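Sharing a structure with you now.
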Amino acid sequence: MGQVTGKGAESQMGGGWCPRGGRSGPASSLALPLGPCVQTLLRKLQSLVEVPGRLRRWAAPGADPARALHCYARARAVLRHYRHLPSFRAIEDESHAIMADLAQRLRARLRDDTLDPKELTECVEMLLQLEEPPEELCEEFLSHAGARLETELAALEAELPPADPSGAAATPPPASDILDFVDRGSSAFVGNLCLLAASYRSLFEGCPGVGDGRLEAFAAALTARYFELLERRLALERGLGDTSLLVRALDRFHRRLRALLELLPTAGAEAGAALVARAAGERVARYLRALQTFFLGCLGDVRQALAAPRPPGKEGPGLPDLLATLASSVLGQLKAVLAYVQLFTAKDVAFASLPYFKGEFCVEAVREGLVVAFVRWLCRTARGFADSPAERGAPAAPPALLLLLARLCLDYEATTISYILTLTDEQFPPEDTGPAVTPGPALCAEARGAAQRLLDHYVQVQGAAVAQMLRKSVETRDWLGTVEPRNVRAVMKRVVEDITAIDVQVGQLFEEGVRRAQSSDSSRRAFSVYSSSRAPGRYAPSYTPSAPMDTHLLSNIQKLFSERIDIFSPVEFNKVSVLTGIIKISLKTLLECVRLRTLGRFGLQQVQVDGHYLQLYLWRFAADERVVQGLLDEVAASAAHRCLDPVPMEHSVVELICERG
């Protein structure tokens with residue numbers, strides 16, 4: 001170390017030469033003790049001389065490099081200022097060499113993959129204190145942090161089955177639930193990303209050479225991968241499971257993401273909110289499919305109950321009981337689903353404050369996508385039993401099921417739809433400026449249309465069944481060679497029995513309806529083979545076999561002045577209208593079948609007996625007895641027209657035969 005004089009060191013170090021008394025001078029300084037300023041100066045010089053030793057001791061591997069940096073930082077300015085002096089230059093060079101060795105070891109440590117975020121931050125901070133290039137340190141910091149975060153993402157991905165774009169392979173159930181997955185992702189990946197973002201800002205903010213947006217791009221790429229993994233894990237939630245567990249998982253994800261966005265506003269705020277919205281929407285869509293499956297299962301139970309054989313003397317559940325069970329089960333399931341979905345908008349859920357869950361979720365996802373969609377699907381499904389032809393080999397829907405579904409849709413139109421929509425709007429209130437919603441009357445109209453189509457189809461099915469019996473009875477009989485009638489044919493009794501059974505069945509679900517006032521002699525009305533007149537013998541004297549056209553012409557003229565009967569007109573929602581429709585189809589079929597046959601005298605008389613028997617019992621089921629009488633008169637007139645020997649039976653004999661029958 002070079003020679004340094006006291007006065008020179010004093011002036012260079014900025015210390016003053018301050019003896020206790022008198023003027024200063026060389027002779028007096030040797031005689032007097034050293035002053036406090038000189039002692040302070042000597043202590044400073046001593047500290048500078050000891051700097052290399054201290055740095056070597058503290059910067060050694062496994063020692064205390066932070067203390068070495070602190071010591072070096074205090075001495076660095078003085079050493080640089082006096083580096084023109086050989087003694088100080090030697091101290092500085094030795095100290096610089098020690099710290100350069102420390103920097104090399106810190107850089108080597110920086111490349112260690114086992115560093116946790118805290119150790120990484122401390123290492124980079126010490127390198128910055130050693131005046132290492134900030135741009136290089138920034139690259140190494142992000143590279144090391146990215147490698148660690150990629151490792152955490154890989155650990156999450158290892159829990160997921162390999163992605164199958166085709167979806168053909170069956171994926172095994174996940175090893176852990178969605179809440180555990182989100183917890184690990186939030187605590188490990190998102191937590192470390194937040195820590196690294198905060199460290200990056202504290203380390204490199206304001207450093208020259210560090211470009212803007214580098215951290216944002218780095219974080220955005222990693223969060224995009226994390227969102228993709230979470231999306232894949234959410235896709236494995238194929239069952240309904242525990243909705244509260246899913247809501248808690250999404251809530252924790254959103255809370256941790258919100259903490260990250262406070263540090264990095266551009267690190268995927270929209271993507272994260274969209275992920276939560278898609279997860280909620282997918283769960284609502286699964287609830288819709290579950291409701292549809294539940295309704296089809298209830299329909300299967302109803303069909304099984306209708307088709308189950310009944311032991312003698314034991315009756316099964318009636319149609320009102322089946323309808324009440326079906327309606328209450330479906331409505332109860334729908335209310336339970338709304339309660340589960342309401343968890344997504346609970347007040348203690350963080351993401352419920354998002355604009356999507358305040359408006360679009362309530363209206364489009366729940367009201368329109370779940371409730372309205374289910375009601376419309378229910379009406380389409382019920383209507384499908386009437387519109388869709390039965391598949392080959394598949395049994396057609398039983399008529400009782402058509403009747404029950406018609407009543408269900410009618411009840412939905414009357415009360416259930418308005419109740420469901422009111423309940424939905426109370427639990428998920430729509431915004432005043434939100435999207436347009438389906439009005440209740442439109443849904444009610446769809447339900448009524450489905451009920452009307454089902455009831456019309458029920459009438460057609462039951463009418464076709466009765467008509468089929470009548471058609472076969474007409475086509476398989478020899479009307480020319482038949483014997484003189486002594487009894488009512490068995491098929492007519494069967495027709496009356498079936499109509500009576502249908503009357504009982506319809507009466508279980510629909511009101512009686514309004515009948516036209518009946519005449520006093522309805523059950524005793526004469527059945528004419530000549531015309532629709534109440535006097536059967538009125539036109540008999542003018543009828544001769546040589547003039548058959550006169551009778552036919554007379555019948556046609558009578559039709560001009562009678563009310564036209566519409567066979568397939570829509571029925572009303574009451575019992576008498578339904579029975580009237582079935583009777584019209586049955587008797588119209590009988591009329592058309594008779595028109596295609598050629599009859600002898602006894603064949604005509606058998607038609608006369610059968611027609612009178614039908615009139616005795618069928619008029620009470622129809623809304624207007626004139627419909628039954630008019631069709632039966634046409635049957636008789638057609639039989640007379642097709643008869644080779646039209647000699648009618650005496651009315652008293654006809655009545656006697658029908659009373660015995």
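Using amide H atoms built 1.01 Å from N in the peptide plane, name the residues 5+ places from residue 643, or on other chains, whose amide H lies under 5 Å from its own.
Long-range HN contacts for residue 643: 599.
Tell me, what is the FRET efficiency for residue 201 and residue 157 to the nearest 0.05, using R0 = 30 angstrom and their Cβ-Cβ distance as r?
0.55
Something else now. Volume per residue, Å³, of the convex hull around the alpha-carbon atoms of segment 573-661? Spell out each step's value before the answer.
Details: hull volume 7.2 nm³, N = 89.
About 81 Å³ per residue, rounded to a whole number.
Please check which bits of segment 417-450 a label hung off residue 342 would reach, taking the label as a point 7 Å along Cα-to-C-beta and the cut-off as backbone N under 19 Å.
Of the residues in segment 417-450, 417-431 have backbone N under 19 Å from the label point off residue 342.
Could you tell me the largest-minus-smallest coordinate of the C-alpha atoms of segment 182-335 on each of the three principal axes, in descending order and whole angstroms?
Dimensions of segment 182-335 along the principal axes of its Cα atoms: 97, 19, 18 Å.
Among residues other than residue 359 whose Cβ falls under 15 Å from its Cβ, what is the net charge (Lys/Arg +1, Asp/Glu -1)?
-4
Which residues does a label at residue 422 reach in segment 430-450, if reach means a backbone N under 15 Å from a point 7 Å past the Cα toward the Cβ?
440-441, by backbone N distance to the label point.
Could you tell me the distance between the Cα centroids of segment 301-361 and segment 188-262, to the nearest Å?
39
Please compute the length gained on full extension between residue 377 and residue 278, using 0.36 nm multiplied by the number of residues separating them and subtracting their Cα-Cα distance.
Details: separation 99, 0.36 × 99 = 35.64 nm, distance 2.26 nm.
Residue separation times 0.36 nm, minus the Cα-Cα distance, leaves 33.4 nm.
Shifting gears a bit: Provide the gained length on full extension for the span residue 232 to residue 271, in nm with one decimal, where the gain is 0.36 nm per separating residue minus the Cα-Cα distance.
Working: separation 39, 0.36 × 39 = 14.04 nm, distance 1.45 nm.
The span from residue 232 to residue 271 would gain 12.6 nm if fully extended.
Which value in nm describes the separation of the simple spin-label points at residue 225 and residue 350, placed 7 Å from the Cα toward the beta carbon?
Those two pseudo-labels are separated by 2.3 nm.
Moving on to the next point. First select every other residue whose beta carbon is under 13 angstrom from the beta carbon of residue 600; then total the charges, Lys and Arg +1, Asp and Glu -1.
Once positives and negatives cancel, what remains is +1.
How much length would be gained if the chain were fully extended between residue 67 and residue 116, taking 0.36 nm per residue of separation minus their Cα-Cα distance, in nm to one decimal?
15.5 nm
Taking loop as defined by DSSP and a crowding limit of 13 other beta carbons within 10 Å, which trypsin sites (Lys or Arg not before Pro) in segment 285-379 fit?
In loop regions of segment 285-379 (DSSP not H, G, I, E or B), the sparsely surrounded trypsin sites (Lys or Arg not before Pro) are 314, 347.
All of the numbers you see were taken from the coordinates with simple rules; none came from a lab. Note that this is a predicted model, so its numbers are computed, not measured. We place every Cβ from the backbone using ideal geometry, glycine too, and count neighbours over all the protein chains shown.
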